[in-house]
């Protein structure tokens, strides 16, 4: 199968919309992170006059872009491993062990995507605040795409952790990445002169392993700018794709 990153955009989107197991949410989150990193790299290359570290930011963004793109295919293989393990005969606990092992891999991939999203969002914030002002919109878009990739990937981590009874630390790390990406994106998109307040409930929010929509809604609303509307209540959790 052709790598997702080597396909024409239209072909990838057609595959994404088709009734197939992959690509799915993980692949979409990975490609979104890669798009965000691409925008960051471009903004950095146009910001060498404003930021002494712009060249280093561009190089790092390129590294994250390539890794995120690779993770789209790695995620597809990890999900396929879960499907294959579920097809094994249910005898003597071997199937259960194989499924759990596959779910560990399936959780590790979106966890890395979420952490890449947090890194890219922070780089985008720096460029939006101090880079070339003509590229501020590109940096802001990169920050928001990076947050979206981190948030959606964290949902997938949480699902796999719940399904496999995995270590809560995986969800905690993904949740931290969401919080970091959220704050970076909000700072990147703030109007000139606006300041964010530190969320007083952050410690309580981060103490929970759950990475649901309610979790992120609380984190976002705790750090929200006064003029910005609160996010609505909603649960993004799902248990799997229909057969």
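The values are calculated or read from the model by the stated rules, or taken from the named source; none is laboratory data. Everything numeric in this text was worked out from a predicted model, so none of it was measured. Note: ideal-geometry Cβ built from the backbone for every residue, glycine included; neighbour counts use all protein chains shown.
Looking only at residues that are closer than 15 Å to residue 161 by Cα and out of contact with any helix residue (DSSP H, G or I) (no Cβ under 8 Å at 6 or more places or on another chain) in the range 73-98, which one is surrounded by the fewest Cβ atoms within 10 Å (Cβ to Cβ)?
Among them, the one singled out is 97.
Considering only the range 40-53, how many residues are assigned to a helix (DSSP H, G or I) and crowded, with 21+ Cβ neighbours inside 10 Å? If you could, list the steps in order and put the result at the bottom.
Of the residues in the range 40-53, the ones assigned to a helix (DSSP H, G or I) are 40-45.
Restricting the remaining residues to those that are crowded, with 21+ Cβ neighbours inside 10 Å gives 40-41, 43-44.
Matching residues across the range 40-53 total 4.
In the range 1-19, what residues are over 22 Å from the mean Cα position of the chain (by Cα), at pLDDT below 85 and surrounded by 11 or more Cβ atoms within 10 Å (Cβ to Cβ)?
Residue satisfying the conditions is 2 alone.
Output the residues belonging to the range 67-108 that are modelled with pLDDT under 90 and either in a loop (DSSP other than H, G, I, E, B) or within 20 Å of residue 174 (Cβ to Cβ) (or both).
Scanning the range 67-108 gives 87, 88, 89, 90, 91, 92, 93.
Does residue 148 satisfy the criteria of being modelled with pLDDT under 95 and over 23 Å from residue 59 (Cβ atoms)?
No.
Show the residue pairs meeting these rules: Cβ distance below 6 Å; 6+ apart or different chains; first residue within the range 169-180 and farther than 12 Å from residue 157 by Cα; second residue at pLDDT below 95 and in a helix (DSSP H, G or I).
What qualifies is 179/219.
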